[in-house]
Amino acid sequence: MSASSRGLEGVVIGRSAITLVEGETGGLAYRGFRIAELVPGAPYESVIHLLLWGEPPSEQPPSRLSRELAGRRSLPRRLESLVDSVSPGLPPLEALRTMISAMGDGSFGYPPTVEQVFDLIARTPTMLTRYVRRSAGERAVAPRADLGHVANYLYMLEGVVPDPRKVRALEGYFVLLADHGMNASTFALRVVLSTNSDLVSAATAGLAALKGPLHGGAPAKVSDMLDGVGTPENAEKWIAQALARKERLMGFGHRAYKVEDPRAVILKQIAGEVADPARLALAERVESVALDALERQRAGRRLYTNVEYYGAVVLESVGLPRDLFTPTFALARTAGWGAHALEQAAENRLIRPDVEYVGPAPGRRWPERSAGAPPH
Ligand code: ACO
């Protein structure tokens, strides 16, 4: 057997025509469209179309797909009661995992269908916002079919039609986070689907993988870090102390990118449009100090700013609370999960890798037990 690769680094596990990640040069393209071609400007619904079918829609946003999604936003009675039965006060991400799993009612069979993908994309924001509002003792806000996907998410959360500047910023975030090749959550989803399990089970696994701070759980920690640093003048000291404690700086480093994450470049521009100038100045100072320190102290590791860094600044600038950062990432990623689910099923083969066995050689003898002695 060939040598093992810890963390499957560099292992090609299959073929995909959805997203190209160019780690050495910092490139990212969906179906051949570089992200700078899509943001700003492309509505999230158009990018869903692109990811699912490989072609941009003829109208922006696509009216048929938008209608399909809008028509599925309202929850069936069963799901409403289910959301209302999740104990209030949980971190929204924990609640979302439970609620996505609870979408499974036996009707999500194998293979996954486009309609099931629409349900996943359309219903998760309604479930999440309903839970968050009820948890805060507020009435749920019914979805509005005349709003775009991203605007409607903010509307259901806040109960007012959102400021178009906020919608534009969050729309850019949703597009940039919509897919990313064979990242851990997509891999988890594809492994589950490859067993001929269903989309809801696979998306639950995807969310479970997304949750960890080495993947999608980092952005709230970026905001915590910025709070911890407090002022630009404190950045050097704070970063030096964190690295001396052997901590990882959240929002830096990436398995695929050995240069700056291209999504971070665009998110920084978006942050420039919506962030409080003092907060942005702090973020830029911390970034520059962190990059210098990582260059000196983690020489050769090639650690640069990743998507989560300015993603956090954008999410806080549009008014999202920190415990909604990773759930919002998950909502954006449902498009990519859906595209990968359909692609996996189209040419499925069970994903079942090998492992390099490093335990004792077989042939060991089991200890003799005297008759009647209790097993231990
Ligand atoms: N701060 C300090 N040191 C780091 C960081 C960091 N952010 N990231 C990696 N390193 C160091 C590691 O300590 C390790 O050093 P060592 O060789 O001396 O042990 C070396 O760089 C390589 O790290 P690995 O964990 O092997 O690299 P990997 O490719 O597995 O990790 C990861 C990528 C998990 C993103 C990592 O860079 C990290 O933990 N970053 C911080 C968390 C974060 O920002 N997560 C969001 C990722 S983006 C996304 O998934 C959407």
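The values are calculated or read from the model by the stated rules, or taken from the named source; none is laboratory data. This is a predicted model, so every value here is computed, not measured. Heads up, the Cβs are rebuilt from the backbone with ideal geometry, glycines too, and the neighbour counts pull from every protein chain shown.
Some values worked out for this structure:
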| quantity | calculated |
| --- | --- |
| Which listed residue, of Val132, Val141, Val150, is farther than 16 Å from Phe174 by Cβ and under 23 Å from the mean Cα position of the chain (by Cα) | Val132 |
| Candidates Ala3, Ala17, Ala70, filtered to the one that is at pLDDT 95 or above, exposed (fewer than 12 other Cβ atoms within 10 Å of the Cβ) and over 16 Å from Pro262 (Cβ atoms) | Ala17 |
| Qualifying residue in region 207-217 (condition: under 30 Å from Arg165 (Cβ atoms) and away from the ligand (no atom under 13 Å from the Cβ)) | yes |
| Filtered residue count, region 241-257, keeping only those that are near the ligand (Cβ under 8 Å from one of its atoms), in a loop (DSSP other than H, G, I, E, B) and surrounded by 18 or more Cβ atoms within 10 Å (Cβ to Cβ) | 5 |
| Residues (under 22 Å from the mean Cα position of the chain (by Cα) and among the charged types (D, E, K, R)) located in region 245-286 | Arg248, Arg255, Lys258, Glu260, Asp261, Arg263, Lys268 |
| Criterion violated by Ala29 - all others in (1) free of Cβ contacts under 8 Å to residues at least 12 places away in the same chain; (2) over 18 Å from Ala332 (Cα atoms) satisfied | (2) |
| Residues that are of a type outside the set (D, E, K, R) and assigned to a strand (DSSP E or B), drawn from region 25-46 | Gly27, Leu28, Ala29, Tyr30, Phe33 |
| Members of region 244-264 found to be more than 16 Å from Ala218 (Cα to Cα), in contact (Cβ under 8 Å) with a residue 24 or more places away in the chain and of a type outside the set (Asp, Glu), listed by number | Ala256, Tyr257, Lys258, Val259, Pro262 |
| Filtered residue count, region 83-134, keeping only those that are among the polar types (S, T, N, Q) and under 26 Å from Asn348 (Cβ atoms) | 5 |
| Single unsatisfied condition, Ala281 versus (1) within 12 Å of the ligand (Cβ to nearest atom); (2) touching a helix residue (DSSP H, G or I) at 6+ places or on another chain (Cβ under 8 Å) | (1) |
| Pairs, first assigned to a helix (DSSP H, G or I) and basic (Lys, Arg) in region 308-323, second at pLDDT 95 or above and within 14 Å of the ligand (Cβ to nearest atom), C-beta under 8 Å, six or more apart | Arg322/Ser223; Arg322/Asp224 |
| Single residue of region 290-305 satisfying the filter (surrounded by 15 or more Cβ atoms within 10 Å (Cβ to Cβ) and near the ligand (Cβ under 10 Å from one of its atoms)) that is nearest to Leu226 (Cα to Cα) | Ala290 |
| Answer residue from region 23-32, given it is more than 15 Å from the ligand (Cβ to nearest atom) and surrounded by 14 or more Cβ atoms within 10 Å (Cβ to Cβ) and is farthest from Leu267 (Cα to Cα) among those | Arg31 |
| Residue in region 271-288 that is farthest from Thr305 (Cα to Cα), counting only those that are crowded, with 17+ Cβ neighbours inside 10 Å and among the hydrophobic types (A, V, I, L, M, F, W, C) | Val274 |
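Let's see how each residue does on (1) in contact with a helix residue (DSSP H, G or I) (Cβ under 9 Å, 6 or more places away or on another chain); (2) in contact (Cβ under 8 Å) with a residue 60 or more places away in the chain; (3) within 30 Å of Phe33 (Cα to Cα); (4) assigned to a helix (DSSP H, G or I):
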site: Ala178; (1), (2), (3), (4): yes, yes, yes, no
site: Val191; (1), (2), (3), (4): yes, yes, yes, yes
site: Gly216; (1), (2), (3), (4): yes, yes, yes, no
site: Leu226; (1), (2), (3), (4): yes, yes, no, yes
site: Trp238; (1), (2), (3), (4): yes, no, no, yes
